[in-house]
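Here is the structure we will look at, set down as structure tokens.
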Amino acid sequence: MKTTVRMTFTLTVLTVIALRAQAAPQVDLQFRPTPADKQTVRVTSNLSMSRPIDSRQSEIMNTRTITLAIEPGETTADGTVPARVRFVAIQVRSGTKGRKLSVDYDSTQPPDEREPFALAYSASIGASFPIKVSPQGEIVDIGMDELWLAVADNYIEQIEALMRQRLGDQADQAIEEMFKPFGSREKRIQVTREQLDPLWDKSRIRALLANILVRLPQKPVSEGETWRAPVAFDISMPFEINADYVLKSEENGHCTIAVDGKRSSQDDPIVTHTGPARINMKPAGFCTGTVTVDAKTGLLLSGQTQFEFTGEIQAFDSASQTQAETVQFAMKGTTTVEIVK
């Protein structure tokens, strides 16, 4: 008799659990906007990084706000979504704490060619490029050639405009002389494109876009379920860390997702090449954040991420492979994403 009661109780519990599992609502989160779902998104990053300079601890402060317009196209047969991304506005303030800013640029103000990167940043405004995004919010392709050429063309136009403003009737001859070493204006644009690569290289653009494209699960999920995907950062050098994404809630068509990522000092270094040098960065730390996504389209509605990393940056001579310098660093900051109304 006791065995029968025990078995009945166990079956009842299992049945309740099964019914609850069946009743748990699932959300099929996919990136599937339509051409009508245009967005203008503002990404603001605040970063402070301390490192020793001349036997003293120096703190570098950086605030960067980039506003992008995104125009999705029709979903293709393979499920990817083509979209066009356009630079709308850029504000950058950077410098060492306690000193005059080394960069102070605002595209909404008249450009000052004396400001570092001013012409390059202002040449980016209005430039657009195509991307392709998978149903999981992963960037499949970026039309970097189109972006580079557009920015380089705008850059040359700005230089020509400055020369006409300063030289008047003599400007045309001076512009012709400027192009002579290159053979043509088109060749000068190609050379300028190569010079501007460090400003908007592919990894940097990918990290920027990753702030506005949430990595979504491979299958429908219920509240509390987790999936793994990278989180991208552009901190001195662009890099990614693996993170847990958790669906916290779904309400009125808005999904709230928590993000928690970590990187160990034992992970492989981030490697880049600058001129003749190879740079290794070894960041270790974490990020936490919360993002809100539209359940119907998979578009980001808002987000904020906090991060802290410590580690070292090593510089090597590419030819001899000898280590030239090692710098310790500690950094922390926030990235905030919001829709511009």
Would you check if there is a residue in the range 172-188 being of a type outside the set (A, V, I, L, M, F, W, C), closer than 30 Å to Val327 by Cα and not in a helix (DSSP H, G or I)?
no
Test: residue in the range 130-137 that is crowded, with 17+ Cβ neighbours inside 10 Å, among the basic types (Lys, Arg) and out of contact with any helix residue (DSSP H, G or I) (no Cβ under 9 Å at 6 or more places or on another chain)
yes
Can you name the condition, by its number, that Thr290 falls short on among (1) under 30 Å from Ala36 (Cβ atoms); (2) touching a Phe, Trp or Tyr at 6+ places or on another chain (Cβ under 8 Å); (3) of a type outside the set (D, E, K, R); (4) part of a strand (DSSP E or B)?
(2)
What about Pro283, is it buried (at least 18 other Cβ atoms within 10 Å of the Cβ) and not hydrophobic (A, V, I, L, M, F, W, C)?
yes
If I ask for residues that are within 30 Å of Ile339 (Cα to Cα) and among the polar types (S, T, N, Q), which ones from the range 252-299 would you list?
Asn252, Thr256, Thr288, Thr290, Thr292, Thr297
Could you tell me whether any residue of the range 85-108 is of a type in the set (Val, Ile, Thr), over 30 Å from Tyr155 (Cβ atoms) and either in contact with an Asp or Glu (Cβ under 6 Å, 6 or more places away or on another chain) or assigned to a strand (DSSP E or B) (or both)?
no
Do we have any residue at all in the range 144-167 that's at pLDDT 85 or above, within 30 Å of Asn46 (Cβ to Cβ), touching a Lys or Arg at 6+ places or on another chain (Cβ under 6 Å) and not in a helix (DSSP H, G or I)?
no
What are the pairs, 6+ residues apart or on separate chains, where a residue within the range 123-134 that is more than 12 Å from Val85 (Cβ to Cβ) has its Cβ under 7 Å from a residue that is in a loop (DSSP other than H, G, I, E, B) and among the aliphatic types (A, V, I, L, M)?
none
Kindly indicate whether Gln195 is part of a loop (DSSP other than H, G, I, E, B) and loosely packed, with under 15 Cβ neighbours inside 10 Å.
no
Please work out if Ala319 is of a type outside the set (Phe, Trp, Tyr) and either at pLDDT 85 or above or assigned to a strand (DSSP E or B) (or both).
no
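The values are calculated or read from the model by the stated rules, or taken from the named source; none is laboratory data. From a predicted model like this one, the values you see are computed outputs, not experimental measurements. For neighbour counting, all protein chains shown are included, and Cβ atoms are generated from backbone atoms with ideal geometry for every residue, glycine included.
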